[in-house]
Amino acid sequence: MFAQCPTCKSVCYIEVADLRSMHGKIICKHCAIEFDALDSLSEIPAMVPTLSIQYSQSSFLPNELVNFFIRKAKFFWAIGFCICLASLGLQIYYFQSTALAQNTHVRPWLIKLYQSLNHPLPTYKNLLEISVLKGELVHQQDNTLQFTTILVNQASFPQPLPALKLFLVNFSGQIIARRTFYSTDYLPNTNDHLIDSNQSIEISLNIAPVLTPLGGYYFELL
């Protein structure tokens, strides 16, 4: 069957099955205008150039075919959106994963996510949430010094045991000795160098005697 577009006057071949499925409404392949093919339907292409007639397939796009391409386009748009979203998530993870892991509001959610992925979460560390209950420096009978203190993790998450930098000063306040002690120094028999939430750790360190009269001490956590 043949039909003529009322807009561009193109005459092209159309299958009867396509005509039935569209209830006579077809879209012109040349100008994309929808029209009623029944108004100009004919079995003979009067005065139509040979090249304009296609007997192998319909020269008009059925509505079902148009809808098919629209669905395909939406599908690929959705795939592209998901890829972009995944790429954004990877960039956030690469550049902000450590910072997000230190956020007390976000970390509980990250713990669940990383557990489901079987992936280790960056360790939480906030020295401001480690309290010092007491500190004491005592002279021993053998002229050595014994430094003791107690650390308490007040954070809601386990933290790595901090390093401790001890300063010894004379009576003028000048530093006469300093040393940094790590968890392997003050807890050498501990394999897991983490301090759990609300856990307290007692530290005891023996220090060699100093020749200069000792006026005091102070320390800081690293």
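Taking the stretch 73-185 and the strands (runs of 3 or more DSSP E) fully enclosed by it, the elements with 1 or more residues that are under 24 Å from Ile195 (Cβ atoms), out of contact with any His (no Cβ under 6 Å at 6 or more places or on another chain) and in contact (Cβ under 8 Å) with a residue 60 or more places away in the chain are at 130-139, 145-153.
When the stretch 186-200 is limited to residues that are within 16 Å of Asn126 (Cβ to Cβ) and assigned to a strand (DSSP E or B), the one that is farthest from the chain's Cα centre (by Cα) turns out to be Ile195.
Inspection of the stretch 162-173 finds a residue satisfying the criterion of being loosely packed, with under 12 Cβ neighbours inside 10 Å, of a type in the set (Phe, Trp, Tyr) and within 18 Å of Leu211 (Cβ to Cβ). Could you list all residues from the stretch 2-24 that are in contact with a Phe, Trp or Tyr (Cβ under 8 Å, 6 or more places away or on another chain) and surrounded by 15 or more Cβ atoms within 10 Å (Cβ to Cβ)? Scanning the stretch 2-24 gives Phe2, Ala3, Cys5, Val11, Cys12, Tyr13, Ile14, Asp18.
Of all residues in the stretch 72-110, those satisfying the criterion of being modelled with pLDDT of 75 or more and of a type in the set (Lys, Arg) are Lys74, Arg107.
The values are calculated or read from the model by the stated rules, or taken from the named source; none is laboratory data. Note that the coordinates shown come from a computational prediction; the quantities given were computed from them, not determined experimentally. Virtual Cβ from ideal backbone geometry, glycine too; neighbours counted across all protein chains shown.
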